[in-house]
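The values are calculated or read from the model by the stated rules, or taken from the named source; none is laboratory data. Quick caveat: nothing in here was measured; it's all calculated off a predicted structure. Quick reminder, even Gly has a Cβ in these numbers, built from the backbone with ideal geometry, and neighbours come from all protein chains shown.
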Amino acid sequence: MSKRSLSTRDAAESIETIRSVLDRTTRYTHISWAGIAMAGMSAAVAGAAGSVSEVSPIALPSRFLLLWSAGLAVAVAFGFWTTARKARAARERFWSRKLQVVTLGFLPSLVLAAIVTALLLDVGRLDLAPGLWMGLYAVGILSVCHVLDWEFQLTGWAFLLLCSVSLFLLRASPNAAMTVGFGGIHLALGAFRFFKERRWE
């Protein structure tokens, strides 16, 4: 093999390496599979508790909100903890520039979700909340997916699909809708991330 062909191949490999490094430096990769899986488990437990105790967003709106707020608090707390651990393991700051981009990009959806929840509670239509929560969550994910791995974009579209299903087909079963959406999708994403982190990265 000639020196020219060797140098061309080396140059191509160097370019590919540079592309790979640039891709990694522009993506936020510290979202742990364990945090995602815990979010799914928390939603599954809350959904089961809501179904067993028949907590309805129409008949018992305060209890419904309290139940799912508790599930959200557990998921967020565990998610931040596992993310901080992963950042420490990579010897990077927890509150990094990329995490700021993700947080600030996602924040408008969370604020709007709180406003919509207050409105639905005021007009007595909290049964619409699960579907709208999924839709706003999907918009939040899709607004920051440019700095996340491709599976998060797929997750956002999955939540949009479940938003429609919840609003039109599962409106009478809000706890089941939340379990399928926030429970099932997060567990599936957590499992995928587990195998990706263990085998592919």
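Things to note:
- Restricting the range 47-66 to residues that are outside any loop (DSSP other than H, G, I, E, B) and either among the hydroxyl-bearing types (S, T, Y) or in contact (Cβ under 8 Å) with a residue 60 or more places away in the chain (or both), the residue that is nearest to V180 (Cα to Cα): G47
- Among the residues making up the range 147-189, those that are under 13 Å from A43 (Cα atoms) and not aliphatic (A, V, I, L, M) are P174, N175, T179, G181, F182, G183, G184, H186.
- From the list A90, A77, the lone residue that is over 15 Å from A177 (Cα atoms) and at pLDDT 95 or above is A77.
- Some residue of the range 126-139 being of a type outside the set (D, E) and surrounded by fewer than 17 Cβ atoms within 10 Å (Cβ to Cβ): no
For (1) surrounded by fewer than 16 Cβ atoms within 10 Å (Cβ to Cβ); (2) over 28 Å from S53 (Cβ atoms); (3) in contact with an Asp or Glu (Cβ under 6 Å, 6 or more places away or on another chain); (4) among the basic types (K, R), each residue gets a yes or a no:
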residue	(1), (2), (3), (4)
L99	no, yes, no, no
V111	yes, yes, no, no
T117	no, no, no, no
C145	no, yes, no, no
Q153	yes, yes, no, no
L162	no, no, no, no
L167	no, no, no, no
F195	yes, yes, no, no
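- Only one of the numbered conditions (1) among the aliphatic types (A, V, I, L, M); (2) at pLDDT 85 or above; (3) farther than 26 Å from L110 by Cβ is not met by I18, and that is (2).
- From the list W157, W150, W133, the lone residue that is in contact with a Cys (Cβ under 9 Å, 6 or more places away or on another chain) and of a type in the set (A, V, I, L, M, F, W, C) is W133.
- Scanning the range 73-98 for residues that are over 21 Å from I185 (Cα atoms), of a type in the set (G, A, S) and assigned to a helix (DSSP H, G or I) gives A84, A87, A89.
- Test for A70: is it aliphatic (A, V, I, L, M), closer than 23 Å to F194 by Cα and not in a loop (DSSP other than H, G, I, E, B): no
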